[in-house]
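For reference, the structure discussed in these notes is given below.
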Amino acid sequence: MEINEKLVRELKKKFEIEMDKREVEILEHWRKELEIIYKKKYENLSSLQMDMKNLMERMNNRATILSRMAKEGV
């Protein structure tokens, strides 16, 4: 069965648009998380560093989960 090249291009374009929308959602989520840290009043540098470390760990955990899911084909 041959697939029409025009259809393939259209599907590819739709996929890219959806991926771009999803990327924007993801970036907005993490920007909001960072904004919370930015707006918080810290008494000392170590408190800021702790919040930043926690955010980085959450980001790393999410990346790890997504990588694992991609490898498993879920």
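Computed from the coordinates by the stated procedures, all read-outs in this text should not be read as laboratory data. These numbers come from a predicted model, not from an experiment. Heads up, the Cβs are rebuilt from the backbone with ideal geometry, glycines too, and the neighbour counts pull from every protein chain shown.
Hey, got the dipole for region 35-74? About the Cα centre, +1 on K and R Cβ, -1 on D and E Cβ, debye to the nearest 20?
Charge dipole of region 35-74: 60 debye, to the nearest 20.
What is the sum of charges around Arg22, taking Lys and Arg as +1, Asp and Glu as -1, for the other residues whose C-beta is under 13 Å from the C-beta of Arg22?
So the surrounding residues net to -4.
At a Cα cut-off below 25 Å, give the lysines reachable from Lys12, other chains included and same-chain residues fewer than 8 away excluded.
Lys12 reaches Lys21, Lys71.
What share of all Cα pairs of the chain, in percent, falls into each consecutive 5 Å distance bin?
Pair shares across the bins are 3, 13, 13, 16, 15, 12, 10, 7, 5, 3, 2, 1, 1, 0.
In what sequence, highest mean first, do 47-58, 3-14 appear when ranked by Cβ atoms within 10 angstrom?
With the highest mean Cβ count within 10 Å placed first, the list reads 47-58, 3-14.
With +1 assigned to the C-beta of every Lys and Arg and -1 to the C-beta of every Asp and Glu, and no other charges, what is the dipole magnitude of the chain about the Cα centre in debye, to the nearest 20?
That gives a dipole near 140 debye.
In region 1-62, which chymotrypsin sites (Phe, Trp or Tyr not before Pro) fall in coil by DSSP and have 12 or fewer other Cβ atoms within 10 Å?
Tyr42
Zone of Met19 (label point 7 Å along Cα→Cβ, backbone N under 19 Å): which residues in region 48-74?
From region 48-74, the list is 63-64, 66-74.
Mind listing the phi-derived Karplus ³J(HN,Hα) values for region 27-33, rounded to whole Hz, using 6.51, -1.76 and 1.60 with θ = phi - 60°, and x for any glycine or proline?
Using θ = phi - 60°, the values come out as 5, 5, 4, 5, 5, 5, 4 Hz.
As I understand it, the value is the acute angle between the Cα axis of helix 45-72 and the longest principal axis of the Cα atoms of the chain; what does it come to in degrees, rounded to 10?
Around 20 degrees separate the two axes.
Add -39500 (n - 2.57) for each DSSP H run of 4 or more in the chain, then divide by its residues: what number comes out at 222 nm, to the nearest 500 deg cm²/dmol?
Computed ellipticity for the chain at 222 nm equals -31000 deg cm²/dmol.
Once Lys and Arg get +1 and Asp and Glu get -1 on their Cβ, which of Met69, Leu27, Ile37 lies farthest toward the positive end of the dipole of the chain?
Ile37
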